Amino acid sequence: MTQSIVVQVGQCGNQIGCRFWDLALKEHASVNKNGIYDESIGSFFRNVDSRHEDPANIPLGKGKGKIKSLKARAVLVDMEEGVVSEMMKGPLGEVFDCRQLLTDVSGSGNNWATGHKMYGTQYREEICEVVRRAAEFCDCLQCFFILHSMGGGE
């Protein structure tokens, strides 16, 4: 079974990502009526036991295990916390692992150079660490999806 990690960057990337996760859950729910954690949902979601402070992965096994609590294989990055905060307060908030979020308060003011030079150098190590952590939860990492705008600050 292969897994993919979605890296959502900036306001646009996070808004598109929010819609992506909503559709992914709806699509899987329409096909998998029994709530079984199988390979198709395991590509984008981790099945975790959320009773622990650091939720442990529940292995796929033979693809017959029940879904306990899904966590998206996602990294959310935005230097203005508004969009990510709204996502976490919304209906999809439980799907994201709060340790996979990286936000700041001030934002880049839709200025690519500010996002690249100022925040890029300031947060490079943290971003790499969060992505590394997401990759470590994968058995067979296949790819990364990067969602971002083609212009703007981040």
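The values are calculated or read from the model by the stated rules, or taken from the named source; none is laboratory data. What you see is a predicted model; the values in this text were computed from it and never measured. SASA here: full protein model, heavy atoms, side chains in, ligands and nucleic acids out. Shrake-Rupley method; radii C 1.70, N 1.55, O 1.52, S 1.80 Å.
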Carbon + sulfur, % of accessible area of the chain - ligands and nucleic acids excluded, 1.4 Å: 55 percent
Probe 1.4 Å - accessible area at residue 83, Å² to nearest ten: 30 Å²
Surface accessible to a 1.4 Å probe, per residue, for the residues of the chain, Å²: 58 Å²
The chain: relative contact order as a whole-number percent, Cα under 8 Å and 6+ apart: 37 percent
Lysine pair count for the chain [Cα-Cα under 23 Å; pairs on different chains or 8 or more apart]: 13
Amide hydrogen neighbours beyond the local backbone of residue 147, cut-off 5 Å, H modeled: 7, 8, 9
